[in-house]
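Quick notes on the structure that follows.
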Amino acid sequence: MLTRFFRFSFTRGFSSCPMKRKYGPISLDPQKKRAMTATLPTITLNPREEQLKGLLLDVARFIDENPPPATTTAAEDGNSDGVSTAKAIPEPVVLRWAGGWVRDKLLGIESHDIDTAINCMTGEAFVLHLRAFCDTPAHRERHSIGPDDVGSLHKIARNPEKSKHLETTTTRLFGLDVDFVNLRRETYTEESRNPQMEFGTAEEDALRRDATVNALFYNLHTSQVEDFTGGLEDMREKLIRTPLEPLQTFTDDPLRVLRLVRFASRLEFSIDPGAEGVMGDSRVLNALRLKISRERVGVELEKMLKGSNPVDALKLIDRLGLYHTIFTDPARAEMPAPDISNWSAAYLCLDSLARNNTPGSIYQLLVTSEEAKSNAWALAALAPWEQLPDEPVVEGRKPALPLAIQAAKKGFKAPNKLCDIVAAGHRHRSNILELKDIVHTEQPSMKERDRFGMAVREWDSRGGNWRLQVLYVILADVEARADNGSPEKPAGQKRGGAVPVEEVLAEWQRFLDHLIELDVMDAPSLKRLVDGHLLTKALGVKPGKWLGDALDVATAWQLRNPGVTDSAGAVEEVRKRKKELGIK
């Protein structure tokens, strides 16, 4: 097929020089070019995109008619990005929308983020011209530019040491987030893994991208899709494939491993076997562990877990052996690692719970917001760490954070709110399990409404979102006790004595049903009959350290006596226990 021809011609175009690697010239037969153009799909723009396209084309014409002075090197114009602001030989400005926007439009998915690639100047230089163009009243009127249609300019610097090779300039136009960057090619030397960035052609820029389906262009001047790597065929085949040889692609930028996982799970595509074969290569994993900033790892993981198929992302992470590279402290070579042979039981369990989200179900009771949905998948990812004991306390030092928190904070820069939930779930796990077992074994104490209600209040006050704490304990319990139930795991990896997931979940469903029967699901928001001022006045004493415990006694009495609105009984309960509470 025609796209296969393109792949072949690109492969032959690479330089074999041992000192430098860069993209060689690409020449396409004119007849084949015409055939390609005739079969390319078309993209229909929405009104905002049409308005943006018209503005950008006018800016390109404005630059062509008023060309800036040509520069030759980055050093001469002081540009820190490693490329000059414009090519030495002036040429007409050509604009292309690139990557994910093109892919999504072809899939019928609307996107609010547009990457704009420029052939002959940096993104920053183009945006400066764009803003100057938009400052002219006649231009604003011509393009119906309102006061809020052009946002402020933001420059995102490159960081080669962390494989952030591209400097981009971004702004908001007509409600769309638009990034601008010049077309590039990369040159590597034996002395450095950081590429020398140079202006490149669209073909060369396509080749340096992470996946062929992200290497498509929409040429604003011709209104045509441009495919230089076979991305259209790969989209038809639902295949994620790297434009270059996979090991080269991943060692150039190891973050691409996670990006391919994200795209495959989000689009429900398969990853090319050749790429899968090296994604778990030790050289790639070491580079991903040490070379990539954990903030960038966290961004990719967050997008996976907030995506449409988070379970597929975790399956790929599991199958490709990426777990211990993502969920770890890269600065601690000796950090303990959990056994993840049964991890699939946790994430497959969460997937099953989410798909069976019916009234009164575990998922419906515990996952109550959009934020909680993505946090739930993070909890499933961290569940294996609960099998490990806390690290021993070193004399003279504070106790170390639970290992799950270390993996979250250092591994993917988890937000504080998520870390608080994990820490609280870890701290309250034994108490949560104890109360669940009381209900499971039908012990007499299961009728003690105050015991369960005060526990729920305690969980929520120390860590927040007690429901997700319980979910974390459930997933850890499933991971520890249940058969993983995954056809992808050989029978030899399944734990002896494991019980079916359904039996474990039945225990937890009964526990939550009991909390509903006791009417303590909303115990954290229970309005107290007694506050500190009322209690000290009624007892005729001054406030002291005893007050917090005394208020808990009053609240427990209130839970034992639902429906009572008179505070006298609660005050009397505290009065009876004055000596126990240390009230003088």
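Remarks
- Total residues in region 411-435, condition outside any helix (DSSP H, G or I), surrounded by fewer than 22 Cβ atoms within 10 Å (Cβ to Cβ) and either touching a residue at least 24 places away in the same chain (Cβ under 8 Å) or over 18 Å from the mean Cα position of the chain (by Cα) (or both): 1
- In region 525-535, the residues that are assigned to a helix (DSSP H, G or I) and buried (at least 17 other Cβ atoms within 10 Å of the Cβ): 535
- Qualifying residues in region 364-387 (those that are closer than 18 Å to residue 341 by Cα and either among the acidic types (Asp, Glu) or modelled with pLDDT under 95 (or both)) - the one surrounded by the most Cβ atoms within 10 Å (Cβ to Cβ): 386
- Here residue 406 clears all of (1) in contact with a helix residue (DSSP H, G or I) (Cβ under 8 Å, 6 or more places away or on another chain); (2) crowded, with 18+ Cβ neighbours inside 10 Å; (3) modelled with pLDDT of 95 or more except the condition numbered (1).
- Candidate set from region 210-255 (those that are in contact with a Gly (Cβ under 7 Å, 6 or more places away or on another chain) and in a loop (DSSP other than H, G, I, E, B)); member that is surrounded by the fewest Cβ atoms within 10 Å (Cβ to Cβ): 215
- Hey, residue 558 assigned by TED's automatic domain parsing to the domain that holds residue 445, out of contact with any strand residue (DSSP E or B) (no Cβ under 7 Å at 6 or more places or on another chain) and among the polar types (S, T, N, Q) or not: no
- Selection of region 268-291 for residues being buried (at least 16 other Cβ atoms within 10 Å of the Cβ) and in a helix (DSSP H, G or I) yields 275, 276, 278, 279, 284, 285, 287, 288, 289, 291.
- Scanning region 158-195 for residues that are at pLDDT 65 or above and polar (S, T, N, Q) yields a count of 6.
- On inspection, residue 284 does not qualify as free of Cβ contacts under 8 Å to residues at least 12 places away in the same chain and out of contact with any Asp or Glu (no Cβ under 7 Å at 6 or more places or on another chain).
- Lone unmet requirement of (1) crowded, with 22+ Cβ neighbours inside 10 Å; (2) of a type in the set (D, E, K, R); (3) modelled with pLDDT under 95 for residue 477: (3)
- Output for region 234-249, where each listed residue is under 20 Å from residue 103 (Cα atoms) and either in contact with a Cys (Cβ under 6 Å, 6 or more places away or on another chain) or not β-branched (Val, Ile, Thr) (or both): 234, 235, 236, 237, 238, 239, 241, 243, 244
- The helices (runs of 4 or more DSSP H) found entirely in region 302-395 that carry 2 or more residues being in contact (Cβ under 8 Å) with a residue 12 or more places away in the chain and within 23 Å of residue 508 (Cα to Cα) are 343-355, 362-366, 370-382.
- One residue stands out in region 110-149 among those that are crowded, with 16+ Cβ neighbours inside 10 Å and hydroxyl-bearing (Ser, Thr, Tyr): the one that is farthest from residue 173 (Cα to Cα), namely 122.
- Residues of region 401-446 satisfying the condition of being of a type in the set (Lys, Arg) and closer than 14 Å to residue 476 by Cβ: 427, 429, 436
- Test for residue 503: is it more than 20 Å from residue 462 (Cα to Cα), in the same structural domain as residue 441 (by TED's automatic domain parsing) and not aliphatic (A, V, I, L, M): yes
The values are calculated or read from the model by the stated rules, or taken from the named source; none is laboratory data. Treat the numbers as computed from the prediction; the structure is a model and nothing was measured. Cβ sites come from the backbone with ideal geometry, for glycine too, and all protein chains shown count toward neighbours.
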